[in-house]
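Beneath this line is the structure, given in structure tokens, with notes to follow.
All of the numbers you see were taken from the coordinates with simple rules; none came from a lab. For clarity, every value in this text was computed on a predicted model and none was experimentally measured. Here the Cβ positions follow ideal geometry from the backbone for every residue, glycine too, while neighbour counts run over all protein chains shown.
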Amino acid sequence: MTKDIDQEDRNKFLDIGYERTCDCKSSHINCLTAKEWLKCQIGVWEFYYEGRDIRDKEKHPAVFPISLASKVISLFSHKGELVIDPFVGSGTTLVAARDLDRNAIGFDLNESYAELCDNRLRQLRLGNTSKQLPITDDARNISSYLGEETVSLIVTSPPYANLLNRKRKNKSRRGGERKNKQYMEVEQYSQDTRDLGTLDPEDFGEAMEEIFAGMLLLLKPKGHCVINVPDFWWNNTRITLHMIVIEALRRAGYELRNTVIWDRRNIVNRVGIFGWPSNYITMGTTFEYLLDFWRPE
């Protein structure tokens, strides 16, 4: 059920599990076999969408595949442990958590997204004892819901500063596909001043620092935090959003452990000729970053 929590209820911790229910050794960071672990060591990852994924931009303008969330959750948590997504959007993280028998909580400012997430969860088989809760609230309030060192993994794709808060020109699309129904539309989630998608990159970095500093003590020591983020071009200037995120989380007390490239070429259709023939610009749509941090001991 979608939860919309008021100020009075925030300080009541949620009834949700966070301890392992598997039989893995205490020193193991996940339930993977050696063969499964090996597949995660390569620093370039590729994913495919499935039938349960949301591809309709009118439902949500920016989604990652269930397979992405599943790989991250499998790599950095055990069955029964607690995963949180501070910008849950359409609920992909919670769907993956249900599949993998992890407890999970997702937060979003937009009540319609929390309802979408709840509807997706209702369509899944239960078959396990874990819980997945979508909550309508500001990510800045997450520390009021959970006790210290109860979270094993944070995984999310935050709003990309003001990337979506302007008319879309579809320069990455070719020919007649450029002027599709997204052309010259503003896809930003909301104009709520708390929404990171309304902020310029500098203010975005400060907001990320504030939000993730508030979650640091919720993470178990050496608990991981994986953030999916791209860079983008604005007025012929490359906005290095991944570097802004790295510096923000370092200031918040996290340590960067790994940088993984999400190779998106297999899900990008008919890439346009961007910048040809006088200005070389790489297509941001063909790759994104998966930034892996942890809470240092």
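Numerical summary
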item	result
Contour minus Cα-Cα distance for Asp15 and Ala213 (0.36 nm per residue)	68.9 nm
Neighbour-count ranking [beta-carbon atoms within 10 angstrom, fewest first] of Thr237, Thr93	Thr237, Thr93
Ranked Cys22, Cys31, Cys40, Cys117, criterion: other C-beta atoms within 10 Å, fewest first	Cys22, Cys40, Cys31, Cys117
Chain lengthening between Asp200 and Leu256 when straightened (0.36 nm per residue, less Cα-Cα)	17.8 nm
Inter-site label distance for Thr129 and Glu50 at 7 Å from Cα along Cβ, in nm	2.5
All-pairs alpha carbon distance profile, the stretch 239-286, 5 Å steps from 0, percent	5, 15, 18, 16, 17, 12, 9, 6, 1
Ordering of 148-158, 105-115 by packing [mean C-beta count within 10 Å, highest first]	148-158, 105-115
Linear extension gain, Thr33 paired with Ile281, 0.36 nm per residue minus alpha-carbon span	85.2 nm
Distance (nanometres) between label positions extended 7 Å along Cα→Cβ at Lys25 and Lys222	1.2
q = 0.24 Å⁻¹, the stretch 186-297: log10 I(q)/I(0) [Debye, one scatterer per Cα]	-1.35
